[in-house]
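The values are calculated or read from the model by the stated rules, or taken from the named source; none is laboratory data. Source: prediction; values computed, not measured. Cβ atoms come from the backbone with ideal geometry, glycine included; neighbour counts cover every protein chain shown. Heavy atoms of the whole protein, side chains included, go into the accessibility calculation; ligands, DNA and RNA do not. Shrake-Rupley method; radii C 1.70, N 1.55, O 1.52, S 1.80 Å.
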Amino acid sequence: MDRMPKWADVVLIPLFSLILAAALSALVILAIGEDPVAAVKLMVQGALGSTYGWGYTLYYATNFMFTGLAVAVAFHARLFNIGGEGQAMLGGLGVALVCLYIPWPHWTLALIGACTGAMLFGAAWAAIPAYLQAKRGSHIVITTIMFNFIAAAVLNYMLVNVMRPQGSMDPASARFPEAVHLPTLHELLLPLGINFSKAAPANVSLILAVIACVVVWALIWRTRLGYEIRAYGHSETGALYAGISPVRITMVAMLISGALAGLMATNNVMGEAERLVLNSTEGAGFIGIAVALMGRSHPFGVFLAAILFGFLYQGGAELALWTTIPRELIVVIQALVILFTGALDNMVRIPLERIFMSISNRRRNRGEPAPLPERKPTQPSE
Amino acid sequence: EPALIFDLGGKFDKSFNEAAFNGAKRWADETGGSFREIELQSEAQREQALRRFAEAGANPVITVGFAMADPLSTVAPDYPDTKFVAIDVNWLDVPNIRQVSFAEHEGSYLVGMMAAMASESDTIGFIGGMDVPLIRHFGCGYAQGAKAVNPDVQIIANMTGTTPAAWNDPVKGSELTKAQISQGADVIYAAAGGTGVGVLQTAADEGILSIGVDSNQNHLHPGKVLTSMLKRVDVAVYEAMEAGTDMETGVFTLGLAEEGVGYALDENNAELVSDEMKSAVDQARQDIIDGKISVVSYYENDSCPALNF
Amino acid sequence: MDFLTIIQVLDSTIRLSTPLLLACLAGLFSERSGVFDIGLEGKMLIAAFFSAAIAAVTGSVWLGLLAGIASSMVLAGLHGLASITFRGNQLISGVAINFLAAGMTVLIAQDWFQQGGRTPSLIGGGRFTPIELPFASALEEVPILGPIYSELLSGHSILVYFAFAAVPATWWILFRTRFGLRLRAVGENPAAVDTAGVSVVGLRYAAVAIAGVLCGIAGAYLATALQAGFVKDMTAGRGFIALAALIFAKWRPWHAMGACLLFGFLQAIALRFQNIDLGGVVIPVQAMDALPYVLTVVILAGFVGKAIPPRAGGEPYVKER
Amino acid sequence: MTIPAIELKGISKSFGPVQANKDISIRVAPGTIHGIIGENGAGKSTLMSILYGFYKADSGEIWINGKKTEIPDSQAAIAAGIGMVFQHFKLVQNFTVLENIILGAEDGGLLNPSLAKARGALKDLADEYELNVDPDARIDAIGVGMQQRVEILKALYRQADILILDEPTGVLTPAEADQLFRILHRLKDEGKTIVLITHKLREVMEATDTVSVMRRGQMTATVKTSETSPEQLAELMVGRKVLLRVDKVPAQPGKPILEIENLRVTDNKGVERVKGIDLTVRAGEILGIAGVAGNGQSELLEVLGGMREGMGTVRVNGAPLELSGKGADGQARRARHIAHVPEDRQREGLIMDFHAWENVAFGYHRDPAYRSGIFMNNAALRADTERKIEKFDVRPADGWLAAKNFSGGNQQKIVVAREIERNPDLLLVGQPTRGVDIGAIEFIHKQIVALRDEGKAVLLVSVELEEIFGLADRIAVMFDGRIMGERLPDQTNEKELGLMMAGIAGEAA
Ligand SMILES: Nc1ncnc2c1ncn2[C@@H]1O[C@H](COP(=O)(O)OP(=O)(O)OP(=O)(O)O)[C@@H](O)[C@H]1O
Ligand SMILES: Nc1ncnc2c1ncn2[C@@H]1O[C@H](COP(=O)(O)OP(=O)(O)OP(=O)(O)O)[C@@H](O)[C@H]1O
Ligand SMILES: [Mg+2]
Ligand SMILES: [Mg+2]
């Protein structure tokens, strides 16, 4: 019973929304006395014009994929996990402990260990809010916000008082040993004859993130657990009827969510910084909320939205490098993108629907058969 | 063409990034030269900015803040023909880096003395931004200076928080100031970036003295700011730009002797600084330079003899 | 802890609670009408900036206040457009508004004042000054009650008194007026309001606009009463704490005041007591810093039951049978 | 002819590609009760919503009392003297009755004067029409019957002359329904005009003066009630002959399948809702539980279905059933071959946003048949769905449609198909035909009887006495958490059961 072909919904609407956001951004750039065309060129060139740019874009995108997936999984169980930031911080702690205190012979093993550490710590940080929600009804939005603050304090304590090498000024852990350094895309692609930029931080975690997208997709739409998570998310009374335990689903969904957020640390801590620094998450947990919402909680949507935000981050960096445009401009552009693609999408959808309606009406009036309604193999919620 | 990389705080942090910017601007104004700059937005951009500027032929590439040490140690060797400047760093072993660090504890020692002398309640305060070793380093020198003047002086030390938001929370700075005032403090030293704006403001409102940091902040509330602990990042940047590609590399520590740190005296605080105060502080300055007084650095064994954190 | 310290901590509590309270009441109006609002932070921030900027330029804090309110209402209108008119996702809209405010304030400030995203410091008539309640200094000497009156109750800016007066006013509006009845109804069951011949859209816009006004005042309070100017990101997460307080208070005005006072109190305590030395064991400053948040969780887990939001909250109103 | 109270001329309305109303014209004489019947999705509710200004017609005119009237919104409808009681009540759950009544019809900016005035008016209305309600009760604390009175009072308080009721008896007990019709007649005698949408032909025959039949968005006939018969109406509605009585052979009860001893259930608020009951259901029989809603039947079903904890002894096939703790959830029940058609299909039985095929597995999603390795075997599930859709004649026959896009009757068919096709030993059924059109009712009843005839036990809970009489082989009446007594359908009558349901007669079985 769709009013509009599915492809228009999936392709045209985001596209027009993005164009609107871009147009407004251009106005902002004009207003501060810069040239929007040059700025866009710089951003596109800088973020997508070279393997170097791609390397950074994908690096940021990897972070956002993990945190976006984390938020998305919880969303399917109708849980609003604002705690991705804290869970990712703790994931970083897990990775750092694993990398620093276990002598790994090879990065592959270290990566497995780091993943385990990251997921355990991230999940543990989600477990308490989850438990309180499930058992005591404490609102998960508040508890996860609080746990972000608490995570920052824990991390600060660990770095300043425990893990900082003696006499170092930097509130950061020691550098991880050489053996646990993750291969970058450069090293991964060289054997394939592709000369990817050496300097960019995108690394094997990207593959991990893509795998995570696929796994989350399979989990949500192909497994019984995913079925139960979605059912619970849509109707709590329904879940009760079907014998799906609300406590169990709340816990499991949040643990998965926390583990995914924690996994981000393989990218920024292990892959890029190769040590744990204070501000390692840099708000990626919050960007994850926007990414999940824009991606409509579907892993593929999350994937695309993450790349879009990666592009904005890297394009923005290039803009900051070569112009005097303040870095806050990028924040404004991000805001406009979120606003138009996420919240004001009906502003595009409604007129577009009308256009499609009148086309199909005209066709009907000429006696042609209307196109068959599209079938949707998977329908993301939200 | 030189390039300047600001740390995450942004170039207008009213603190050391801004000082670096001022130094660069002075150089540009005086020589008519131009420089590239970037305000970092994320950790990953550190290395990126270094490489991009180096590849674009910028020389020297000047970085501000200890957090650049780690990326510099990996990037600098890749560009042996480019010279880098690392401000607030002194422990790297790379030939083409000029490492400039400041003896903040020495400068803080002097303002600590002034605080103790100006205090009538024998209670003085210290308000740091995010709780990191560097800020403890400031506080530690401050406490030693105060104790040197008056062994009985009470030092109330507070940190604003544990997240980067602690650098930009003037409201919390105000409340901390009020709390310290109510505990008797009548001179407060703020080493807290944007949060310090709130500290200085509230101190002025409540009629007590404050001490600024990094740049000369005396003018913010004339007659209300006792002095400012100067950290001449601007000079370091200026000199690096001036030297250009001929710049000497190696480790440079700028202390009192090098005039890298000091205290500010201008028309805004002339009336607050008595002759007695001035002579005592100048004497101590000389003694530190001569090695007669040794100010313990917090970094030496991650603790402070005069203050508990 | 001696009596004066208690007074001072409570005094600090009042100052720290005020922005939370205003934002919390803003959220209360909005969410009671069924429009979730995680953009409190952004609205406060933009109001903080414009109030400071206009106060700095004109020298009048009242003009500043108006400008702050107006700017906050513009963002509120945007939220309304997205979540009421275009039935978009209210959470996304709120997130976007927070980003927008964070970016725009600094961008405009830099373009306008060239002081690195700050406004010039406010002087003289550019700030709200403390109000001495009558006889405050005369009563100071009276034991117990004297300090409570002259230190704790007196000497705040007018916006503080406004904020606390807004609590009974909010209660009265919500529970004693026609507007309040309709507002609560539209947050619970918009179809009931619609079929009763009242405009759902109009009510929700009204609620969102009130939220804009209150956030505007909260922002102006931060920049022109507590501080003397705008510094980037100066709201420092207070919008989120206000949101937490709102849920904590289960969307009720008096409870909102209690929750905000509690959060303010916990922050005041944490600011006042750092590095507590408990007989040799020094509690690290980080622990004190995290204390308000830990206590919030403990209180939530221990004493506050399930918080049930307004039933139609977060859902755009689409007519159905 | 007198000027019609309502005249609709050429009303058309479409929702996207669906044309809900096609060129509909109708006249309703003043001071009459006018019935509108039609299958699920025929467009009845849409038409009335247009009249009430809730939807806007694409084309057509509305004339009220001989005057052409624009009704762009509900405000205009109210001003024109129209009141509507929606199928799904439009009440604010956590408001009091009084607050709901004045909402939108307040007298001034302040509440208290309005409330005081409404309190007075309410008393007058209550006296006049026997519409007693507690003005200070909260809506979520009163039963549906009472809620409906509030809706009627809302309309009367706004001085409606035209009252539209959309399926008003769907959730009422017979006694409540009787009272409703008494009230409607009184209103009619006062000169008010009433439009009544219903699926129950008996009500049409008893209460209305004229009846219009809708089919697929069109008005197919309008006849005088006195000149028609239920059979004719049914045929007009569905387009074929419909069996209005359930056709079944006498039961052949076998061994006991479900044995309940001294079952007690306490609800979330700590109130005891089931106060020690004993029941037995045998293989090959349908035990019907009659009773006014809210007397513990729901809780009984929920305990048996694993949705709620209880105390006492329950055996199924001779083995005891866990009543609390881990083994007492819906999964465990299904493992014991207990199937459950819940009372509320939309909140419990289905996930409204899931595709039909996903709903076909709901509750059985852990079944090995739907599994392949660690994944769900969606292909098998979809094949299974196609079979069920065909066998149960679910319309539209599209497994990809979301449950919410099916009409109530077809939603119910999906649930019934899912539960019956498991071939359970015991089937629990709650309100199987609530709000379902007669075509679908006929079908669902047939399926339940067929299951019985295969020798399965069925426990049926319904507030429709007609349904109980039609289906049950044995009737137990529940009142206030207790069984008032058991009867055989051919040895009792509605009157006796009605008294037992009111707790007046009968002895413990
Ligand atoms: N809000 C809506 N959006 C889309 N389509 C709708 C909507 N409301 C009704 N329809 C369409 O209008 C048609 C008529 O629906 P309507 O609710 O009027 O039927 P009805 O006769 O009242 O059915 P029932 O007996 O089940 O109440 C339906 O087939 C449906 O497709
Ligand atoms: N959102 C929608 N979009 C399109 N069609 C819809 C929508 N909702 C319902 N329908 C259609 O409306 C018709 C009637 O559905 P409706 O919800 O009125 O069922 P119902 O019989 O009223 O159920 P009940 O009587 O139990 O409430 C169905 O044919 C269904 O396909
Ligand atoms: Mg219906
Ligand atoms: Mg209907």
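General remarks:
- Residue-normalised accessible area of the range D:6-238, given per residue in Å² at a 1.4 Å probe: 38 Å²
- Cα-based shape type of the range C:3-236, given that a ≥ b ≥ c are square roots of the gyration tensor eigenvalues and the cut on a/c is 1.5: oblate
- 16 Å Cα-Cα reach of D:Lys90 towards lysines, excluding residues that sit fewer than 8 places from it in its own chain: C:Lys319, D:Lys154
- Using the Cβ of A:Ala61 as centre and a radius below 15 Å, the other residues enclosed give a net charge of -2, where K and R count +1 and D and E count -1.
- Helical runs assigned H by DSSP (4 residues or longer) give chain B a calculated mean residue ellipticity at 222 nm of -12500 deg cm²/dmol, each run adding -39500 (n - 2.57) before division by the residue total.
- Sites listed here are trypsin sites (Lys or Arg not before Pro) in the range D:286-394 whose DSSP assignment is loop and whose Cβ has at most 12 other Cβ atoms within 10 Å, and the list is empty.
- Shielding by partners for peptide A:340-350, expressed as the average number of C-beta atoms from other protein chains within 10 Å of each residue's C-beta, is 6.
- Those residues of the range D:361-379 for which accessible area with every protein chain present is at least 20 Å² below the isolated value (1.4 Å probe): D:Phe362, D:His365, D:Arg366, D:Arg371, D:Ile374, D:Phe375, D:Met376, D:Asn378
- Cα gyration tensor, chain D - rounded (a/c under 1.5), prolate or oblate: prolate
- Taking every alpha-carbon pair under 8 Å whose residues sit at least 6 apart, chain D reaches a relative contact order of 15 percent.
- Pairing chains A and C buries close to 3800 square angstrom of accessible surface in total, based on protein heavy atoms and a 1.4 angstrom probe.
- Taken residue by residue and averaged, Cβ atoms of other chains lying within 10 Å of the Cβ of B:150-162 number 4.
- Taken along its principal axes, the alpha carbon cloud of the range D:73-180 reaches lengths of 41, 29, 26 Å, longest axis first.
- Helical mean residue ellipticity (222 nm; -39500 (n - 2.57) per DSSP H run of 4+; nearest 500) of chain A: -21500 deg cm²/dmol
- Residues of the range A:271-301 buried by at least 40 Å² of accessible area upon assembly of all protein chains, compared with the chain on its own (1.4 Å probe): A:Glu272, A:Arg275, A:Asn279, A:Glu282, A:Leu293.
- Chain pair D, C: total accessible area buried, heavy atoms, 1.4 Å probe, Å²: 2300 Å²
- Taking max minus min of the alpha-carbon positions on each principal axis, the range D:6-238 gives extents of 50, 37, 31 Å, largest first.
- Solvent exposure of the range B:130-181 amounts to 23 Å² per residue of accessible area, where only protein heavy atoms count and the probe is 1.4 Å.
- Proximal charge balance of B:Ala284 [Cβ under 12 Å; K/R count +1, D/E count -1]: -1
- Interface residues, the range C:158-206 - accessible area loss of 30 Å² or more versus chain alone, probe 1.4 Å: C:Arg176, C:Arg178, C:Leu181, C:Arg182, C:Arg184, C:Ala185, C:Glu188, C:Asn189, C:Ala192, C:Thr195, C:Ala196, C:Gly197
- The range D:6-238, relative contact order in percent, only Cα pairs under 8 angstrom and at least six apart counted: 29 percent
- Our helix-only sum for chain D, with -39,500 (n - 2.57) per DSSP H run of n ≥ 4 divided by its residues, gives a mean residue ellipticity at 222 nm of -9500 deg cm²/dmol.
- Sequence ranges B:184-194, B:144-154, A:112-122, ranked by mean other-Cβ count within 10 angstrom, highest first: B:184-194, A:112-122, B:144-154
- Euclidean distance of C-alpha centroids, the range C:10-42 and the range A:141-216, integer Å: 36 Å
- Measuring against 32 Å, Cα to Cα, the residue pairs D:Lys123/D:Lys275; B:Lys178/C:Lys232; B:Lys147/B:Lys231; B:Lys147/B:Lys172; D:Lys200/D:Lys391 contain D:Lys123/D:Lys275 as the ones spanning a longer distance.
- Over 32 Å apart at the Cα level, from the set D:Lys9/D:Lys188; B:Lys11/C:Lys250; D:Lys68/D:Lys224; C:Lys43/C:Lys306; B:Lys83/B:Lys224, are B:Lys11/C:Lys250; B:Lys83/B:Lys224.
- Solvent-accessible area buried by pairing C with B, both sides, nearest 100 square angstrom, 1.4 angstrom probe: 2600 Å²
- Among A:Asn161, A:Asn268, A:Asn148: highest mean-square fluctuation, GNM of chain A, C-alpha pairs under 10 Å: A:Asn161
- Portion, in percent, of the accessible area of the protein assembly as shown that falls on carbon or sulfur, probe 1.4 Å: 57 percent
- Per residue value of the accessible surface for the range B:1-94 (all protein chains in place, 1.4 Å probe), Å²: 31 Å²
- Prolate/oblate/rounded label for chain A (Cα gyration tensor, a/c 1.5): oblate
- Look at the alpha carbon pairs under 8 Å that are at least 6 residues apart: their mean separation over the length of the range C:3-236 gives a relative contact order of 39 percent.
- Inverting the pair-averaged 1/r between distinct Cα atoms of chain B gives 19.5 Å as its Kirkwood hydrodynamic radius.
- Chain B: most fluctuating residue of B:Thr162, B:Thr195, B:Thr253 per GNM, C-alpha cutoff 10 Å: B:Thr162
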